[in-house]
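Shown next, in structure tokens, is the structure this report addresses.
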2 protein chains.
Amino acid sequence: MTLIANTPTPPYYAVIFTSLRTEGDNGYSQMTERLVELASKQTGFLGIETARENVGITVTYWSDLESIKQWKENSEHQEAQRLGHEKWYSSFKTRISKVESDYGI
Amino acid sequence: MTLIANTPTPPYYAVIFTSLRTEGDNGYSQMTERLVELASKQTGFLGIETARENVGITVTYWSDLESIKQWKENSEHQEAQRLGHEKWYSSFKTRISKVESDYGI
């Protein structure tokens, strides 16, 4: 896993997940590690970037909307989403976006 | 400034800026603070989310592509971009994306 995702030439999709955590770990770290491993094996997965300071931001990159839908419906991911609602996040926002252009060094 | 941006109903735009820093501050913190202040006054600015851990991720939200273009061409921002290339970042990627849907708690 690279720190800055090595994504292909646009267009492709970005899922921007921004969250505020509750107190305590409650199994969060272990699940996060497992989910990254699992996501990276999904069809259409292109990369992931993540950082947490006051707020957590995780961006996953995907080739198409169908792959994002399938990942959302993955059973282990569904369980994580349930625990996220119930235990880990006081607030979150998921944004599904289409990357139209990019540049960098 | 809220930690999770209070964005309107999609569609709108997200500029995902992911970066790796060089060593030392070199005026970076002061400029970042100034840029956030400046960006938030721009036409079409909708919000900002930012976190740095191993990698830095800053997402700014905008109403349209023209506003993003104008912000990129802002003179103080241009100077910051020049310093970013020269001093602050060993690597970065900017992705311009259109948010098509969102949900959260």
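The values are calculated or read from the model by the stated rules, or taken from the named source; none is laboratory data. Predicted, not measured: the structure shown is a model, and the values here were computed from it. Glycine gets a Cβ as well: all are built from the backbone with ideal geometry, and neighbour counts include every protein chain shown. Protein only, heavy atoms only, side chains kept; ligands, DNA and RNA dropped before computing areas. Shrake-Rupley method; radii C 1.70, N 1.55, O 1.52, S 1.80 Å.
Among the residues of region A:12-53, those that are assigned to a loop (DSSP other than H, G, I, E, B), farther than 22 Å from B:Y103 by Cβ and over 14 Å from the mean Cα position of the chain (by Cα) comprise A:E23, A:G24, A:D25, A:N26, A:G27, A:T43, A:E53.
Exactly one of these conditions fails for B:M1: (1) among the aliphatic types (A, V, I, L, M); (2) at pLDDT below 95; (3) under 22 Å from A:Y103 (Cα atoms). Give me its number. Every condition holds for B:M1 apart from (3). Across region B:58-80, which residue is nearest to A:T94 (Cα to Cα) among those that are within 12 Å of chain A (Cβ to nearest Cβ) and open to solvent by 70 Å² or more (accessible area, probe 1.4 Å)? Applying the filter and picking the extreme gives B:L65. Whenever a residue of region B:81-105 is loosely packed, with under 14 Cβ neighbours inside 10 Å, its partners that are in a helix (DSSP H, G or I), lying with C-beta atoms within less than 7 angstrom and at least six residues away or across chains, give the pairs B:I105/A:H85. Quick check: is even one residue across region B:45-57 crowded, with 16+ Cβ neighbours inside 10 Å, among the polar types (S, T, N, Q) and in contact (Cβ under 8 Å) with a residue 60 or more places away in the chain? Checked region B:45-57: no residue is crowded, with 16+ Cβ neighbours inside 10 Å, among the polar types (S, T, N, Q) and in contact (Cβ under 8 Å) with a residue 60 or more places away in the chain. The numbered conditions (1) at the interface with chain B (Cβ under 9 Å from one of its Cβ atoms); (2) closer than 30 Å to B:K72 by Cβ are all true for A:H85 except (2). Inspection of region A:37-48 finds a residue satisfying the criterion of being away from every other protein chain (no Cβ under 14 Å) and among the β-branched types (V, I, T). Restricting region B:1-10 to residues that are more than 9 Å from every other protein chain (Cβ to nearest Cβ) and farther than 20 Å from A:E53 by Cβ leaves a set whose member that is surrounded by the fewest Cβ atoms within 10 Å (Cβ to Cβ) is B:T9.
Working only within region A:12-30, note down all residues that are in contact with a Gly (Cβ under 9 Å, 6 or more places away or on another chain), more than 10 Å from chain B (Cβ to nearest Cβ) and open to solvent by less than 50 Å² (accessible area, probe 1.4 Å). Result: A:Y28, single match.
So is B:S101 of a type in the set (S, T, Y), farther than 24 Å from B:P11 by Cβ and within 14 Å of chain A (Cβ to nearest Cβ) or not? It is false that B:S101 is of a type in the set (S, T, Y), farther than 24 Å from B:P11 by Cβ and within 14 Å of chain A (Cβ to nearest Cβ).
Among the residues of region A:31-44, those identified as in contact (Cβ under 8 Å) with a residue 12 or more places away in the chain and open to solvent by 50 Å² or more (accessible area, probe 1.4 Å) are A:R34, A:S40, A:T43. Mind checking which pairs have a first residue in region A:58-79 that is touching a residue at least 40 places away in the same chain (Cβ under 8 Å) and a second that is outside any helix (DSSP H, G or I) and of a type in the set (D, E, K, R), Cβ under 6 Å, 6 or more apart or different chains? Correct list of pairs: A:V59/A:E49.
Of all residues in region A:24-49, those satisfying the criterion of being closer than 17 Å to A:Q81 by Cβ and touching an Asp or Glu at 6+ places or on another chain (Cβ under 8 Å) are A:R34, A:L35, A:L38.
Here is the figure for region B:10-30: residues that are touching a residue at least 24 places away in the same chain (Cβ under 8 Å) and farther than 14 Å from B:D64 by Cβ total 10.
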